[in-house]
Amino acid sequence: MKKFFLFLISLIIGIVLFVWIGKTVGWQEIKNAFLIFTGWNGIVIFILTFLIMLFGAWRWQETLKAQNVEISFFELFKAFLAGFSVIFLAPVLLWAGEVLRGYVLRRKNKVSWTQVMTSVFIDRILEWTVNLIVIVLGSLYFLYKIGLPSKNLLIIFGGVFLFFFFVISYFYFKVLKRESIIRFIFKISGFKNFDQRNFLLEAEKQIFNFFRWENKKLQKTFSLSFLRAGAMLLRAYILIIFLGKNIGLLSSLSVLGFTYLAAMIPIPAALGSHEAIQTFAFNSLGLNISIAAAFTMIIRAAELLFALAGLTIIFKVGVFFVKDMFFKKVEKLGKMINENDL
């Protein structure tokens with residue numbers, strides 16, 4: 001109930017922000033800009049979004065291979081989409097997408113929870129690391145070209161950035177010193193009887209071993225992360241051109257950095273938060289704010305298609321799960337009846 005309440009609050013905040021932006025910009029202007037996105041333009045954006053998804057799933061596959069887990073790309077891609085749908089539509093449910101991703105993968109494949117969750121955690125760290133690099137580079141160029149943002153935006157989005165920056169920095173600091181984060185958490189939590197064979201310690205050990213630069217899988221997954229970010233940069237650059245403007249790759253990098261920032265705020269589909277920050281960014285770059293609204297809506301629409309595909313996978317898994325539970329209950333009941341007859 002608590003998680004549902006948090007989801008509802010974040011959704012309401014997003015809707016309020018979205019409506020406010022729509023009224024400020026003008027719905028008709030947004031509609032006119034959005035109508036540009038038809039035919040081949042839409043196909044190009046869809047293909048680039050599909051490529052972004054493929055790079056994400058490929059990176060996850062490589063983290064699993066590092067643990068000697070071989071999964072067909074098709075099965076893994078389905079699990080990836082299922083997790084993405086939850087992260088996209090309900091980001092306030094922390095780690096729900098990652099856990100679901102693992103469950104979908106385990107349903108048809110022999111892989112332990114430790115291996116799955118270790119790979120998922122590694123995947124998220126890689127994602128956040130590259131996202132933060134893009135945010136820093138994009139922000140530096142934006143500050144060089146435009147100057148400081150408004151005080152409110154600086155407080156909200158700057159605070160979100162600093163939080164994630166601290167988390168990632170702390171992680172790499174511990175990895176470098178080979179100091180356990182799990183032990184520290186349990187220590188400050190007051191757990192005295194901590195089993196030295198706890199599966200969390202084993203998972204942490206695997207994660208630390210993965211994040212060694214001499215590890216070729218780490219190099220490959222970082223390369224895939226940058227390729228994924230490159231595909232997102234290309235999508236932003238081309239979409240702005242489709243909307244009638246050309247601001248160059250470096251300015252597009254700033255726009256992408258702001259997209260990542262908005263995604264860090266746990267609002268479903270970054271509804272409202274993405275519009276708010278991109279309206280500021282596009283206006284500062286000398287672009288019509290209606291283009292900013294159309295830009296965010298088109299990006300959201302393209303990603304929503306894949307989120308909906310993920311939901312269908314979740315639905316199928318849910319149906320099979322219910323069927324399995326039902327037949328197990330029936331089988332158990334049948335055994336009880338037979339025993340009573342005897």
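Every number in this text was worked out from the coordinates using simple rules, so none of it is lab data. Because the structure is predicted, anything quoted here is derived from the model rather than measured. Here the Cβ is made from the backbone with ideal geometry for all residues, glycine too, and neighbour counts use every protein chain on show.
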Taking a threshold of 31 Å on the Cα-Cα distance, which of the pairs 110/216; 65/145; 78/205; 108/177; 108/216; 65/245 fall above it? 65/145; 108/177; 65/245
Kirkwood Rh and Cα Rg combined as Rg/Rh, region 58-115: 0.96
Tell me the label-point distance for the pair residue 312, residue 75, using the 7 Å Cα-to-Cβ offset, in nm and rounded to one decimal. 2.1
Hey, can you rank 242-250, 278-286 by average C-beta count inside 10 Å, highest first? 278-286, 242-250
